[in-house]
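**Student:** Pasting a structure here, questions to come.
Each value in this text was obtained by applying a stated rule to the coordinates, not by laboratory testing. Everything quoted here is computed from the prediction, not taken from an experiment. Note that we place each Cβ from the backbone using ideal geometry, even for glycine, and neighbour counts take in every protein chain shown.
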Amino acid sequence: MERSQHRGTATRRLLLGSALALVLGTPGIGAAADNAQDLMRKSDKLHRLKSEQLHITLSLEEQGGTPRKLSLESLYETDADGAEKLRMRFDSPADVKGTTLLSVDPVGEPEAEQWLYLPAFRKTRQLGASDLKDRFVNSDLWYEDLKQRDVDDFAYTLTGSEKLGGVDCHVVEGKPARESVAKDSPYGKVQVWLRKDNLMQVRMRYFDKQLQPVKSLEGSKLTKVSDTAWRTDVMTIVDLKRKHRTVVTVDSRQVNPTLPADTFSRHALAGP
Amino acid sequence: MMTPRSRVERVAAWMVTHPKTLLFVLLAIIAVSASALPRLKMQAGFEALTDRTLPEQRVLDTVVERFVGDNLIVLAYEADDIFSRPALETVYGLSEDLQGLTIKHPDGAEVRPVARVDSLTHVKDVVGADLSFRAEPLVPQPVPQDAAALAHIRERALFNPLISEGLLSPQDPKLAMVVVRLIPDLSDDDNTATVAKVQALVEKAKATGGVKAFYVTGTPTILAELGAFMQRDLNVFIPALMISMFVLLLVCLRRLAGAVLAFVNMMVALVAGLAMFPLLGRSMTNWSVIVAPVVLVLSTALLIHFLSELAHHAKEHGGREVVEATLAELLIPATMCEFTTIIGFGSIAVSNMPALRDFGITSALAIVAVFLTTMTTVTLAALWKPPSFWVAPGSLGVSPFFTKWVGRYTAAVQRRPLPILLLSIVLLVLGAAGIPRIYTDSNLQENLGHATPVRAATELVDNRLGGASALVISLKHEKEGHFLEPEALQRVEALEEFLRKDLNAKVVTSPADYVKLMHRGFFGDDPKEYRLPETREQTAQLLLLNGDDSFAEYLDPSRGWARVVVRYNEHSVAKQNVIFDQVDAYLVKHFPASDGYAAVATGDNRMLVNTIDRLVQSQMGSLGLAFILIFGPIFIVLRSVRAGLFSIPSNIWPVIVILGVMGWIGVPLNEATSMIASIALGIVVDDTIHFLEYFRSRLSEHDDRERALRETMLVKGAGVSISTLVFTMGFGVLMLSQFPLVSWFGLLTALAILLGMVSEMLVLPPLLAFTRTRLGVPVRTPESHPAGDTVPSLPGSGA
């Protein structure tokens, strides 16, 4: 059964590998007659993948400081029941090598189960629901950015059109559509630049609950990874208040790999 | 019309024959000043107090840029139960309002001055259980209703040292606080607006009834309060002084017109003097508020001199000649007097504190403006109406009582000058003996008026919430990731231990505390696990769990630069310097450069303390400069080295004695009292100039040294008395200030001026009599003064 679910931001799509079909030149895609909500649903559907294996480097850059790099392997899968599973294992720097995060988001559950294995302690701990404004591994990615959200959690409106890098984009604005989302999400508003040709989200602007700009995200090095899905291999997230930025670079990608059955089990957290 | 002989007489003649030009000049000054005055701004902020070019300031700026500033508003609050639902809901609502606080500029731009709010409802706790770990808000939303849940919140708060130390009182369970961090580099106007809005939000929160009382303090609040003091001071000084001067002149001149002239003159001088601030692009600070009474007093003193000379010359001349003769007599000594006063204030400009530098320059130029406006105003008035219109004949003369007293004293001086001289030396030595007792100190809390809410709030935070003063220790290592090493964190932990035990610091926060908290949480909140990890890997991996921004205030993302914050309850500059010295010594020993560290104790508070120290040193240095700049020209104007030398003792005497008095009564040298010597010197020297100049002029008239001394004592003695009274009242009104620094400054400066009068009587006349000096005036010969020359008689002298 197909799940019509918004995979959150381009960030989550990159990290979790959800796939949507890209139909270049297909009539109807990005046509003026589509409203913003439809466009976002289509974008979500086009770029979804069943599974994805990535090697990623996060570069955490402080203004005036030396960048700090973390590299990790990310595995994502949507299983037969529709549960989304994610495993991220850090492989550098040496002091965090082997640290592994496991996230399992079953259908119908309000929150994902998250487990963290710290090799230095040889222990696994279940993480409680994080404040969605907390930073993921001290980067500019917030836990909100990694959270699975339904497309209809946000109400989108088309605000215009703009060219980015010579390519026409829809400019879409989204605000929390449900009270629970308005309460939990640290964002009061998001702006999304959606390429008209492939409905790929290539730029985002995030606003806090007082509608002040807090972050921006720029995707570049677009790569077609399947018949329909595209990915941005480099993503730059800038914290506008902290003057800090995170550059997420995909070093390698495997689309729809065959993963061992226990890849997303707790006992496999400690690794081989 | 008199035949002009000297340059001064030519200037006097020009002034008298060009009243329209004078009027034009006066009106132009008034017009320019009046148009500038609406732009006069008050500034009570840090910028006025700190020198941003100093290396240590740049170090602090770097730390602030990398981490956060320590510009905090502290809201202490009291409730019967701070963990009750009403109290927590009140604090939650207030914290939310504070986070969303905005201030609007006149151009419509909005500023959000609050960077962060920490309170019981806006802080995270780290909670560990057997197999789980989470960082979650201490107080869930909505605030729980049941007693068990609220008790659990209390238990968690007390279990978390970062919360219990940072937000709760160790002595009083009914006290807690909300800490509001403002964005760095907030302008003074925005600071004042922010404080006003915070106080409004506090009032709104109080009205909910969940909390009994709020106490608002912190540097931004203190600065806003100082700004309000300034405004209140001005509202008191100016009317008080103008009324008292008016009454004084009414009594002295015995003419309402004269008193009104003085009033008008004061208004004009005030406008012209204060306009110097906006014209020079400067703002008025807590120190430069002194300029207002100074210009009022100087304009009045100059007016009294002018009218006194006018009345004197009216006996011998008529019509315009009276004014011309007065100007010819007065221009040089008046110019010299204003010049020395300008130097006295202007020497303050050597200060490295921007507020005092500006004060020195602006007040010096204000005095120039006062001189110009007063000379033109009274000249025009004298040309318009005869002297008797402005001053009753004989009113500024000497009374029979004064004549008799001065006569006796002068006779005693001339008969036995040595004992009187010795007496003055004994008093000088007694005074000087107090100088070694002088110490430098300023107490930032004492600068707040007694019984003000801010003072009470600061004392409460000092005594029951860990202290309102903060020191920031920056520990930078050359290697990235250094503070992941157990050894490095152990050094930080040892530093905390030292700060708590040896320096009695109440609240210390460092990255080590966060790491220990996370370690304990990871191990299921086992109290034994509130310790540092054993390996670098353990620390690095634990820190991956932390997503809260507050940790970034203590360890930068590279993990090579740590920040430790110490709160303490000391406000005395001297005592804080002792603390800083101890911390510096510890850092040199335990975080040496040889181990790759660049460790420094800094913070806004330390910058202020350092600035005040340097300021006091430079002010005392400026005294030497003032001495050279004041006495140098006196030698030139008196046209005699001998006369110049004689001007020194009677002016050094009050400066040494006032400094000695400060030492004896325990008044420290601080940012205000260190200015007294320079300013007093610039003022007291005026009378000496008048005295010596008059003595020499009388001596050259009749060649009788004793008679010249007697006449000078009588005429100039009266003048000294009146001008001393004017200056003493002028500076004395500063004692009404709500800003203790200004109040002490007023008292001591008034006393210094009184001592100046004492020395004019006690030092100079005996010195002149004892040495039998002619101050360079040549002996009269029959050729230089043919027989038949009449010697004018002295009014009231009977001669």
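**Student:** Take the Cβ-Cβ distance between A:Thr66 and B:Ile435 as r, set R0 to 41 Å, and report the resulting FRET efficiency rounded to the nearest 0.05.
**Tutor:** For R0 = 41 Å, the calculated efficiency reads 0.15.
**Student:** In Å and from the alpha-carbon atoms only, list the Rg and Dmax of the range B:48-224.
**Tutor:** Over the range B:48-224's Cα set, Rg and Dmax evaluate to 17.9, 57 Å.
**Student:** Here is a follow-up. Would you calculate a helix-derived [θ] at 222 nm for the protein assembly as shown, using -39,500 (n - 2.57) for each DSSP H run of n ≥ 4 and dividing by the full residue count, to the nearest 500?
**Tutor:** Here the helix-only value at 222 nm equals -16000 deg cm²/dmol.
**Student:** Same structure, new question: Stretch B:Glu56-B:Arg780 to full length: gain in nm at 0.36 nm per residue minus the Cα-Cα span? Walk me through the numbers before you get to the answer.
**Tutor:** Values: separation 724, 0.36 × 724 = 260.64 nm, distance 6.52 nm.
Stretched out fully, the B:Glu56 to B:Arg780 stretch lengthens by 254.1 nm.
**Student:** Could you check the simple spin-label distance between B:Glu446 and A:Val167, using points 7 Å along Cα→Cβ, in nm with one decimal?
**Tutor:** Output for this residue pair reads 7.0 nm.
**Student:** At a Förster distance of 30 Å, what's the computed FRET efficiency of B:Arg416 paired with B:Phe635, Cβ-Cβ distance as r, to 0.05?
**Tutor:** With R0 = 30 Å, the Cβ-Cβ based efficiency is 0.50.
**Student:** At a Cα cut-off below 20 Å, give the aspartates and glutamates reachable from B:Lys212, other chains included and same-chain residues fewer than 8 away excluded.
**Tutor:** B:Glu78, B:Asp80, B:Asp81, B:Glu89, B:Glu96, B:Asp97, B:Asp118, B:Asp172, B:Glu203, B:Glu459, B:Asp462
**Student:** Just to confirm a number: summing +1 for Lys and Arg and -1 for Asp and Glu over residues other than B:Cys337 whose beta-carbon lies under 12 angstrom from that of B:Cys337, what do you get?
**Tutor:** -4
**Student:** Based only on other Cβ atoms within 10 Å, what is the fewest-to-most ordering of B:Cys252, B:Cys337?
**Tutor:** Ranked by crowding around the Cβ, least crowded first: B:Cys252, B:Cys337.
**Student:** Separate question: Rank the residues B:Arg559, B:Arg774 as a footprinting-exposure proxy: fewest other Cβ atoms within 10 Å of their Cβ go first.
**Tutor:** Values: B:Arg559 24, B:Arg774 19.
Result, fewest neighbours first: B:Arg774, B:Arg559.
**Student:** Let me ask something else about it. Express the relative contact order of the range B:48-224 as a whole percentage, based on alpha carbon pairs under 8 Å and six or more residues apart in sequence.
**Tutor:** 38
**Student:** Using the structure shown, list the pairs from A:Lys69/A:Lys196; B:Lys204/B:Lys575; A:Lys97/B:Lys589; A:Lys209/B:Lys197; A:Lys215/B:Lys204; A:Lys45/A:Lys69 with a Cα-Cα distance above 28 Å, or answer none. Mind dumping the intermediate values first?
**Tutor:** Working: A:Lys69/A:Lys196 34 Å; B:Lys204/B:Lys575 38 Å; A:Lys97/B:Lys589 35 Å; A:Lys209/B:Lys197 20 Å; A:Lys215/B:Lys204 32 Å; A:Lys45/A:Lys69 32 Å.
In this structure, A:Lys69/A:Lys196; B:Lys204/B:Lys575; A:Lys97/B:Lys589; A:Lys215/B:Lys204; A:Lys45/A:Lys69 lie more than 28 Å apart at Cα.
**Student:** I'd like the mean, over residues of B:557-567, of how many other protein chain beta carbons sit within 10 Å of each residue's own Cβ. Could you put the intermediate results ahead of the total?
**Tutor:** On the way: counts 11, 6, 3, 3, 2, 0, 0, 0, 0, 0, 0.
For peptide B:557-567, the averaged partner shielding equals 2.
**Student:** Rounded to the nearest 20 Debye, what is the dipole magnitude of the range A:10-252 about its Cα centre when Lys and Arg each give +1 and Asp and Glu each give -1 at the C-beta?
**Tutor:** 580
**Student:** Below 8 Å between Cα atoms, with a sequence gap of 6+, how large is the relative contact order for the range B:712-757 in percent?
**Tutor:** Values: 36 pairs, mean separation 17.8, N = 46.
Worked out over the range B:712-757, it gives 39 percent.
**Student:** For the range A:113-272, what proportion of DSSP beta bridges, expressed in % and rounded to the nearest 5, is antiparallel?
**Tutor:** That works out to approximately 100 percent antiparallel.
**Student:** Semi-axes of the protein assembly as shown's equivalent ellipsoid from the Cα gyration tensor, sqrt of 5 times each eigenvalue, largest first, rounded to whole Å?
**Tutor:** Result for the protein assembly as shown: semi-axes of 78, 31, 24 Å.
**Student:** OK, next. Excluding B:Leu767 itself, what net charge comes from residues whose Cβ is under 12 Å from its Cβ, given Lys and Arg +1 and Asp and Glu -1? The partial results should precede the final answer.
**Tutor:** On the way: positive: B:Arg642, B:Arg772; negative: B:Glu760.
With Lys, Arg at +1 and Asp, Glu at -1, the neighbours total +1.
**Student:** Follow-up. Is there a simple number for the mean count of other chain Cβ atoms within 10 Å of the Cβ of residues in B:132-142, and what is it?
**Tutor:** Numbers: counts 5, 7, 8, 5, 5, 1, 0, 0, 0, 1, 0.
Mean inter-chain Cβ contacts per residue within 10 Å come to 3.
**Student:** Simple spin-label model, 7 Å along Cα-to-Cβ: A:Arg178 to A:Ala268 in nm?
**Tutor:** Those two pseudo-labels are separated by 3.0 nm.
**Student:** If you don't mind, there's one more thing I want to ask. Relative to the longest principal axis of the C-alpha atoms of chain B, give the angle of the C-alpha long axis of helix B:19-36, reported between 0 and 90° and rounded to the nearest 10°.
**Tutor:** On a 0 to 90 degree scale, this one is about 10.
**Student:** In nanometres, what is the gap between the two model label sites at B:Asn235 and B:Arg39, each 7 Å from Cα along Cα-to-Cβ?
**Tutor:** 2.6
**Student:** Any idea what log10 I(q)/I(0) is at q = 0.12, 0.27 Å⁻¹ for the range B:149-206, Debye with uniform C-alpha scatterers and no solvent?
**Tutor:** Each listed q maps to, in turn, -0.46, -1.05.
**Student:** Shielding of A:115-127 by partners, i.e. mean partner chain Cβ atoms within 10 Å per residue?
**Tutor:** That works out to 5 on average.
**Student:** Is there a quick way to get the dipole size of the range B:59-215? I mean about its Cα centre, with the Cβ of Lys and Arg at +1 and of Asp and Glu at -1; what is the value in debye to the nearest 20?
**Tutor:** Dipole about the Cα centre, nearest 20: 320 debye.
**Student:** Oh, and also: What Rg and what Dmax come out for the range A:10-252 when only alpha-carbon atoms are used, in angstroms?
**Tutor:** According to the Cα coordinates of the range A:10-252, Rg and Dmax are 17.6, 57 Å.
**Student:** Another question, then. Provide the FRET efficiency to the nearest 0.05 for the B:His317-B:Glu706 pair, computing r from the beta carbons and using R0 = 22 Å.
**Tutor:** Working: r = 28 Å, r/R0 = 1.28.
E between B:His317 and B:Glu706, to the nearest 0.05, is 0.20.
**Student:** Further, regarding this structure: Kindly rank B:516-528, B:80-92 from highest to lowest mean number of other beta carbons found within 10 Å of each residue.
**Tutor:** B:80-92, B:516-528
**Student:** May I pose another question? What does the range B:464-602 give for Rg and for Dmax, in Å, if only its C-alpha atoms count?
**Tutor:** Rg and Dmax of the range B:464-602, Cα atoms, are 15.1, 46 Å.
**Student:** Mind sorting B:Leu499, B:Leu250, B:Leu158, B:Leu26 by how few other Cβ atoms lie within 10 Å of their own Cβ, fewest first?
**Tutor:** If I rank by nearby Cβ atoms, fewest first, I get B:Leu158, B:Leu250, B:Leu26, B:Leu499.
**Student:** Another question, if that's okay. Is there a quick way to get the dipole size of the protein assembly as shown? I mean about its Cα centre, with the Cβ of Lys and Arg at +1 and of Asp and Glu at -1; what is the value in debye to the nearest 20?
**Tutor:** Charge dipole of the protein assembly as shown: 2820 debye, to the nearest 20.
**Student:** Now, a different point. Rounded, prolate or oblate: which fits the range A:125-272 when a ≥ b ≥ c are the square roots of the eigenvalues of the alpha-carbon gyration tensor, with rounded for a/c under 1.5 and prolate only if a/b beats b/c? All intermediate terms of the calculation are to be shown ahead of the outcome.
**Tutor:** Values: a/c = 1.70, a/b = 1.19, b/c = 1.42.
Oblate, because a/c is 1.5 or more while a/b does not exceed b/c.
**Student:** While we're here: Which stretch or stretches of the range B:359-398 have amide N atoms under 19 Å from the point lying 7 Å from B:His18's Cα along the Cα→Cβ direction?
**Tutor:** B:369, B:371-384, by backbone N distance to the label point.
**Student:** Something else about it: Mind ranking B:481-493, A:242-254 by how tightly packed they are, going by the mean number of other C-beta atoms within 10 angstrom, highest first?
**Tutor:** Values: B:481-493: 20.2, A:242-254: 17.6.
By packing density, highest mean first, the sequence is B:481-493, A:242-254.
**Student:** Of B:Pro142, B:Ile73, B:Val216, which is farthest on the positive side of the dipole of the range B:48-224, counting Cα position, with +1 on Lys and Arg Cβ, -1 on Asp and Glu Cβ, and the Cα centre as origin?
**Tutor:** In the range B:48-224, that residue is B:Pro142.
**Student:** Here is a follow-up. How high is the relative contact order of chain B? Use alpha-carbon pairs under 8 Å, at least six apart in sequence, and give a whole percent.
**Tutor:** Here the relative contact order equals 18 percent.
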